[in-house]
Amino acid sequence: MTDSLSSNSSFDSASISAADQNVVRSQRSGDGGQMLASVTSRRWRDIFWLAVFMLHLIVLGCGLVVLGLNRFKKTDRLNIDRYTARFMEHHSGLTENYWPIYAVAGGVGTVLGCTWLLLLGSHANEMLKVSVHILTTYLAVDSVLCFWGDQFFWGVVFATGAAFQFLYVISVIDRLPFTMLVLRKAVKMVLSLPEVMRVAYAFMLVMLLWLGLWSFGAAGVVASSMGDGGRWWLLVVLSVSLFWIGAVLCNAVHVIVSGMVFLVLIHGGREASSIPPNSLMNSLRYAVTTSFGSICYGSLFTAAIRTLRWEIRGVRSKIGKNECLLCCVDFLFHLVETLVRFFNKYAYVQIAVNGKGFNHSARDAWELFQSTGVEALVAYDCSGAVLLMGTLLGGLVTGTCSGVWTWIKWRDRVSMVGSTTMLVGMVLKIHC
């Protein structure tokens, strides 16, 4: 839990400070009450994306039930088979054969996340060093195991990932001490707000409940014998959906944290008598009502663009004097920088404080960074990348445990189960 919250808070305080300097001045001069009063009249934003997300949630939920029940028990499948026999063959594997593996993946992911939470609070530096340096080794070992198990594609994927991870760490190693300092400050800030932690635990419970339904449908897909191509396409669709839902819940917590941190900073401390009553419930209400569409919209694109930006920055810093390659990378870099103006995680601060739409919030946040000089600090910070490494490591450990069990019982399903349980572990790690 602290993982996602500290990632959200590591430069949210800088973002809030940059975005709301004038608000702080007006608050101290007696005009800040108008701003705080204005939040009661917030309008619904990005309603289209809210509708898309809710429709996707309803359709997917029904689909997961059908996919899981289709391979659940022969006595329970008689009616459903009449509708699904056209595109699904009968197979001896059943949903209940694979569902326990996903349950184990959920348990492993939760244990890893809670362990990370406890150790991050007391041994932050050591845990972050483990995330940075162990991930490369773990990817390399996984690639060897995949080659040994005749999983050539995944062996190449993990070997390539190990190489990119090694190159990225080499390119940013001089920035890690500053990153450790930022994350220590973020962890301290988050742990000082226990009420926010309780809300975050509630969101994690919601994620676990959804994972129970999602894994039921995924187990049904793995158990079916519609053909490898059909099963892989369904699993890809389910994985993208799970990533989006996980990102939405995580960013909803992000908005709640940003709203609370803003109030703590603007009032000079969480014990200040001037903090409005029920401020946490107000932040929660805005996050799941008027601003929820903006959260759904941003969650669909922000993570991919941010990851691409990290990779391009790492490659760009190590090109040297190869002008042709530098020109190509610069083109990609400026293209991604343009996208970042409209899709960046700092938009969630503006959403929390002002209730703006996502694109408007992202553009305002980025312009404030550029006008105040905070952009240089944000560019130098690698906290998001370091926490992503911890998330990947948690997912890899979860996928390895589930993959080994599947390898022992059903070798032809190991890649499907291993890849999807790795995603389950990553999603749980993000929320822990």
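The values are calculated or read from the model by the stated rules, or taken from the named source; none is laboratory data. Bear in mind that the values here come from a model prediction, so they are computed numbers and not experimental data. Don't worry about glycine lacking a Cβ; one is built from the backbone with ideal geometry, like all the others, and counts go over all protein chains shown. These accessible areas exclude ligands, DNA and RNA; they are computed on the full protein's heavy atoms, side chains included. Shrake-Rupley method; radii C 1.70, N 1.55, O 1.52, S 1.80 Å.
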Relative contact order of the stretch 203-277: what whole-number percent is it, with Cα pairs under 8 angstrom and at least 6 residues apart?
27 percent
How are the alpha carbon pair distances in the stretch 211-282 distributed across 5 Å bins from zero to the largest one, expressed in percent?
3, 14, 16, 12, 9, 8, 8, 8, 8, 6, 5, 3, 1
Semi-axes in Å, largest first, for the stretch 96-210 (Cα gyration tensor, √(5λ)) are 29, 25, 10
Go through 126, 367 and list them by solvent-accessible area, largest first, probe radius 1.4 Å.
126, 367
5 angstrom amide H check on residue 94, placed H, neighbours 5+ away:
none
Accessible carbon and sulfur surface of the stretch 96-171 relative to its total accessible area, %, 1.4 Å:
78 percent
Rounded to the nearest 10 Å², the accessible area of residue 363 at probe 1.4 Å
80 Å²
What list of ³J(HN,Hα) values in whole Hz, one per residue of the stretch 202-212 in order, does the Karplus curve 6.51 cos²θ - 1.76 cosθ + 1.60 (θ = phi - 60°) give from phi, with Gly and Pro shown as x?
5, 5, 5, 4, 4, 5, 5, 5, 5, 4, x
Translational diffusion of the stretch 138-177, µm² s⁻¹ [Kirkwood Rh, Cα pairs; Stokes-Einstein; 20 °C; 1.002 mPa s]
202 µm²/s
Mean projection of the alpha-carbon convex hull of the stretch 176-225 over all orientations, in nm²?
5.6 nm²
Would you mind getting me the FRET efficiency between residue 195 and residue 44? Use the beta-carbon distance for r and R0 = 35 Å, nearest 0.05.
0.85
Extending each Cα 7 Å along its Cβ direction at residue 236 and residue 208, get the distance between those two points in nm, one decimal.
3.3 nm
Full-extension gain between residue 144 and residue 96, please, as 0.36 nm times their residue separation minus the C-alpha to C-alpha distance.
14.2 nm
